[in-house]
Amino acid sequence: MIENRMKELRARESLTQEELAKLTSISRQAVLSIENKKYIPSLELAFRIASALNEPIQNVFFVVQD
């Protein structure tokens, strides 16, 4: 399962969902869906999100083994 720390890291950067959406060229609803683990972003989008959050991709998205 792929998990993410987007919400936590977005808050640390003082970004709203709307601001992160604009930085990554996606909709606010897409940000919400990714944060709620209802949507897994493409690798390209995951890198854009990590860059916008000033974090390496592995600090934003990671695999959890059951």
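The values are calculated or read from the model by the stated rules, or taken from the named source; none is laboratory data. All values reported here derive from a predicted model rather than from experimental measurement. All Cβ positions, even for glycine, are placed from backbone atoms using ideal geometry, and neighbour counts span all protein chains on display. Heavy atoms of the whole protein, side chains included, go into the accessibility calculation; ligands, DNA and RNA do not. Shrake-Rupley method; radii C 1.70, N 1.55, O 1.52, S 1.80 Å.
Given the options Glu13, Glu3, Glu19, name the one that is within 19 Å of Gln65 (Cα to Cα), open to solvent by less than 90 Å² (accessible area, probe 1.4 Å) and out of contact with any Ser or Thr (no Cβ under 7 Å at 6 or more places or on another chain). Working first, answer last.
Numbers: Glu13 fails: within 19 Å of Gln65 (Cα to Cα); Glu19 fails: within 19 Å of Gln65 (Cα to Cα).
Every option except Glu3 fails the conditions.
If you take the residues of segment 42-51 that are surrounded by 14 or more Cβ atoms within 10 Å (Cβ to Cβ) and without any contact (Cβ under 8 Å) to a residue 12 or more places away in the chain, which of them is farthest from Asp66 (Cα to Cα)?
Step one: list which residues in segment 42-51 are surrounded by 14 or more Cβ atoms within 10 Å (Cβ to Cβ), which gives 45-51.
If we keep only those that are without any contact (Cβ under 8 Å) to a residue 12 or more places away in the chain too, we end up with 47, 50-51.
Details: Phe47: 25, Ala50: 25, Ser51: 28 Å.
Result: Ser51.
Return only the number of the condition from (1) open to solvent by 60 Å² or more (accessible area, probe 1.4 Å); (2) of a type in the set (S, T, N, Q); (3) farther than 14 Å from Lys7 by Cβ that Ser27 does not satisfy.
Among (1) open to solvent by 60 Å² or more (accessible area, probe 1.4 Å); (2) of a type in the set (S, T, N, Q); (3) farther than 14 Å from Lys7 by Cβ, Ser27 violates only (1).
Restricting the first residue to segment 1-27 and requiring it to be within 19 Å of Lys37 (Cβ to Cβ), which pairs with a second residue that is open to solvent by 70 Å² or more (accessible area, probe 1.4 Å) meet a Cβ separation below 6 Å and a spacing of at least six or different chains?
Taking only residues 6 or more apart or on different chains, the pairs are Ile2/Ile40; Ile2/Val63; Glu3/Phe62; Gln17/Arg28; Ala21/Arg28; Thr24/Arg48.
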